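What follows is a short report on a single structure.
The values are calculated or read from the model by the stated rules, or taken from the named source; none is laboratory data. Computed from a predicted model, the values in this text were never measured in an experiment. When we count neighbours, we look across all protein chains shown, and the Cβ atoms used for this are built from the backbone with ideal geometry, even at glycine.
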Amino acid sequence: MDATLKRLVKDIVKKANSLKDTYTSEKNARVNYACVFCQNDAQYTHFVSAVKGKIIEQTPTGPLFQIQPVNTVAGKLQLLKIRKPDKARPELGDADFTVSYQEFKKKYLSQKGFSLIIRKNFEMIELKDPSFDVLAYFSHPPLDKQFGIA
């Protein structure tokens, strides 16, 4: 992974970790996934070629890579998605953290900034605050477990 992308990924995780710590008591929750939201086609093309990881899933919004572990403020990161430009996603990106999901859901889902997203094989809680330029997610099961990387 090139140095620019690595710095951006670490910054996204750091900011998402700060968002998580602002709204929850899950200070030790570990990152298990991060996504870079590309702002234009040139950035997308550059970052996809800069990752140097194995594509483990090709999604409609961009590839998900298994990468060499990157040390972040929230632990080692091994899953990275590069997302195609999307006007609905002006943020830098997001990070997904591993928590005791059912307890977390009971405690935080009703609070401001938290919302539930249900997918075919999993669900996740999104944490959003417009004063942050990142999003934080809490998935069940966590993505690293879904792909057998944990």
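Structure values in brief
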| item | result |
| --- | --- |
| Positions within segment 116-138 being among the small types (Gly, Ala, Ser) and in a loop (DSSP other than H, G, I, E, B), in sequence order | SER131 |
| Matching residues, segment 28-53, being touching an Asp or Glu at 6+ places or on another chain (Cβ under 6 Å) and either loosely packed, with under 14 Cβ neighbours inside 10 Å or of a type in the set (Gly, Ala, Ser) (or both) | ALA50 |
| Scan of segment 55-98 for residues that are at pLDDT below 95 and among the basic types (Lys, Arg), ordered by number | LYS87, ARG89 |
